[in-house]
Amino acid sequence: MIPVSLRTLSASVLLLAGILTALPLPRAAAQDTGAMQISWEVRNRFRLFREERDFLLHVENARNRSILAAEQSLELQSEGRGWARNMVNRLCIDLQGRVNQPCTRDNTKENYLTPIDHPITVRLAGAVPVGATCAWSFDDGDGPQQSTFDCAEPVNLRVRYGKQTVATVDVSAGSDPTQRVQTEIQVRDVFVAGLGDSIASGEGNPDRPLALSDEGFCFRSYLGTAGAQYYRPSRAGYKGGRACEAPDTLANWQHYSALWFNAPCHRSLYSYQARTALALAVRYTHIAVTFLPLACTGASIGDGLLGSQRARECPPGKTGVCNTSVNAQVAELREALTAAKKRQPDRTLDLVLLSVGANDVYFSGLVADVIVDTATERALFRRSGVMASVDDSRDALARELPQNFVKLREALKPLVGGDLSHVVYVSYANPALANGGVPCRGGRAGFDIHPSFNADPQRLARVSTFVDTEFLPQLKGLATCTRGALCRDPEADRMTFVDAHQATFADHGFCAHSGNDPEFDRSCFAENGQSFNPDIVSSASQPMLCGRGASEYRAYLPRARWIRDANDSYFAAMTYPQGLPAASQPTDIHDATWGVLSAVYGGAVHPSAEGHAAMADAALPAASAVLGLDAVPPNVTRGFLPQLLPSAQQ
């Protein structure tokens with residue numbers, strides 16, 4: 001492959017005098033598979049990735065596959081360790097959420113939000129004569145840059161953003177007449193922002209999951225008695241005190257955390273927003289995608305999108321004071337867009353991916369009400385406001401959420417040019433359905449990571465019914481200005497709404513099981529809810545009742561369940577709650593509060609990577625339609641001369 005820069009393209013003078021201008025053939029002829037034509041595509045066109053090898057991995061696995069099928073293929077390739085585990089360190093956004101300006105991508109410094117040019121590869125396709133020579137010319141208005149290569153060689157160059165480059169090639173093959181092919185090249189850089197809560201950020205799917213130890217780690221229980229202790233798998237590499245009587249520093253414990261590409265918000269490359277933006281880049285070869293991820297776990301409209309919120313945790317490896325506050329997402333987006341427009345006045349925000357509303361109706365409180373079963377913990381959580389009832393959520397759904405949506409619309413409208421159809425609202429899926437939409441029956445299976453957890457069947461059925469019959473329909477009405485939603489201008493205020501994935505999730509809730517589930521899950525996560533060794537002595541060295549090591553667990557293998565249960569949350573992320581208010585912080589790393597939160601704070605009752613891929617499959621057609629990408633043929637040949645007149649070759 002021959003690298004060429006449009007600025008430095010070597011000028012091999014073309015001695016082709018008397019070339020006559022001719023009308024182009026009709027488009028159908030130009031695109032005939034037998035006719036020669038110029039083919040081009042943008043390289044490494046998902047601009048969040050600094051290295052093309054990461055993008056090409058997704059291109060290869062996406063061939064003739066859905067996003068879900070590609071994810072499952074990648075999961076098997078990585079043996080369940082996850083494709084993002086190394087990519088997370090090769091992004092144009094750092095682990096604190098800051099955009100790298102400039103970002104060095106494939107050895108070239110680029111401005112991430114406002115690129116001035118894009119790398120492309122150009123080829124001559126079709127019935128190319130064997131051994132033919134191609135005299136290439138690329139003209140973006142500043143005069144043609146020219147070079148000659150064997151026609152079998154692709155040409156790499158960078159073309160200026162916002163300007164059309166005319167590519168012309170004259171094909172010479174022995175004594176045959178010289179043929180000319182011409183096309184116009186113009187890269188469209190699509191600016192996509194991701195906003196929302198934990199479903200939007202990718203909670204439950206750390207880019208590099210936790211490595212587990214086969215030994216146990218002691219947690220206290222809220223009962224506070226000498227016997228109120230239990231062991232669960234420890235973090236691999238941790239050499240500090242594992243017994244409850246042997247406290248250790250948080251810094252030592254945190255050194256072995258899971259890794260997110262943004263820890264304060266638990267942003268993950270596995271999120272449906274990242275996967276949708278990446279899929280756009282994979283599918284459409286003439287665009288580049290600039291993705292700005294801003295979603296944050298725990299966000300509501302008021303605290304998260306329009307106002308600041310508490311962080312989930314500090315970046316791994318950091319010592320000292322934890323910055324517990326995260327800036328408002330809409331303000332961050334407005335600031336980024338303003339800065340971009342200063343450099344490129346015509347830069348626009350093309351698409352917003354959005355999921356929000358669950359925290360506005362206390363959904364995490366509903367989950368706590370369902371799974372926390374023992375009297376002591378229920379009393380403590382109810383007193384601290386951690387738990388919520390269906391009536392609490394119903395009241396917020398009727399009163400607070402509609403008003404908050406009005407405020408959100410008004411804040412987003414100026415950012416998308418007044419047309420909220422460019423906001424693609426991706427709805428939630430019911431996490432508690434399996435077997436074709438039957439509510440999960442409850443029990444301790446998948447939730448026995450903590451002694452107080454037990455998904456109560458009655459409370460679970462009540463919450464599942466509320467989600468299906470009230471919450472999800474009301475969300476759709478709010479996003480689409482129906483069902484009496486408060487919209488000043490229903491046409492301009494209507495968001496593009498996506499819920500096609502809900503039907504597929506009806507078979508894949510947290511209780512779904514299959515004979516094809518990972519062998520470790522089938523052997524060690526007991527359906528009777530007795531997965532962990534209750535003996536306080538032997539569990540210190542062997543916490544799993546199955547007799548196998550917890551290190552065998554793989555967060556990224558295909559499973560029937562697309563919803564992380566509490567066991568998954570602990571085994572994949574085991575998140576220490578640094579972002580909580582001081583009064584709620586554990587006193588040490590064996591504290592009872594930490595024991596509860598370690599089981600849910602890393603993504604319990606959130607989609608897995610497979611679930612996010614299924615959501616992205618639903619969101620992709622809507623995003624493509626909003627952007628109008630399918631209206632443009634993938635390769636448009638504007639000019640084609642079947643041959644030059646003999647006088648042109650003299």
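The values are calculated or read from the model by the stated rules, or taken from the named source; none is laboratory data. As the structure is a computational prediction, the values presented were derived from the model and not from experiment. Here the Cβ is made from the backbone with ideal geometry for all residues, glycine too, and neighbour counts use every protein chain on show. The protein model used for the area step is the full one, side chains on, heavy atoms only, and it has no ligands, DNA or RNA in it. Shrake-Rupley method; radii C 1.70, N 1.55, O 1.52, S 1.80 Å.
Brief remarks follow.
- In segment 393-411, the residues that are open to solvent by less than 70 Å² (accessible area, probe 1.4 Å) form Cβ pairs under 9 Å with partners that are of a type in the set (F, W, Y) and outside any helix (DSSP H, G or I), at six or more places apart or across chains, as follows: S393/Y362; A396/Y362.
- Scanning segment 78-98 for residues that are open to solvent by 70 Å² or more (accessible area, probe 1.4 Å) and under 24 Å from E610 (Cα atoms) returns E79, R81, R85, N86, N89.
- A11 meets all of the listed conditions (1) modelled with pLDDT of 95 or more; (2) out of contact with any Lys or Arg (no Cβ under 6 Å at 6 or more places or on another chain); (3) open to solvent by 20 Å² or more (accessible area, probe 1.4 Å); (4) on the phi < 0 side of the Ramachandran plot but one, namely (1).
- Residue list for segment 186-212, restricted to those being open to solvent by less than 20 Å² (accessible area, probe 1.4 Å), part of a strand (DSSP E or B) and under 18 Å from A599 (Cα atoms): L212
- Test: E75 is surrounded by fewer than 17 Cβ atoms within 10 Å (Cβ to Cβ), farther than 28 Å from F191 by Cα, charged (D, E, K, R) and within 29 Å of the chain's Cα centre (by Cα): no
- Top-ranked residue in segment 529-559 [being part of a loop (DSSP other than H, G, I, E, B), among the aliphatic types (A, V, I, L, M) and touching a Cys at 6+ places or on another chain (Cβ under 9 Å); ranked as most open to solvent (accessible area, probe 1.4 Å)]: L545
- Odd one out for A434 among (1) open to solvent by less than 20 Å² (accessible area, probe 1.4 Å); (2) under 16 Å from G509 (Cα atoms); (3) in contact with a helix residue (DSSP H, G or I) (Cβ under 9 Å, 6 or more places away or on another chain): (3)
- Every condition in (1) surrounded by 17 or more Cβ atoms within 10 Å (Cβ to Cβ); (2) closer than 19 Å to V372 by Cβ; (3) out of contact with any Ser or Thr (no Cβ under 8 Å at 6 or more places or on another chain) is met by N567 except one, and the failing one is (3).
- Checking each residue in segment 583-631 for being of a type in the set (S, T, N, Q), assigned to a loop (DSSP other than H, G, I, E, B) and crowded, with 24+ Cβ neighbours inside 10 Å picks out only S608.
- Long-range neighbours under 7 Å by Cβ, at least six apart or interchain, first residue closer than 11 Å to G202 by Cα within segment 284-298, second aromatic (F, W, Y) and open to solvent by 10 Å² or more (accessible area, probe 1.4 Å): none
- Considering segment 249-359, the qualifying helices (runs of 4 or more DSSP H), each wholly inside and each with 3 or more residues that are crowded, with 23+ Cβ neighbours inside 10 Å and in contact with a strand residue (DSSP E or B) (Cβ under 8 Å, 6 or more places away or on another chain), run over 272-283.
- Extreme residue, surrounded by the most Cβ atoms within 10 Å (Cβ to Cβ), among residues of segment 437-471 that are closer than 28 Å to N533 by Cα and of a type in the set (F, W, Y): F447
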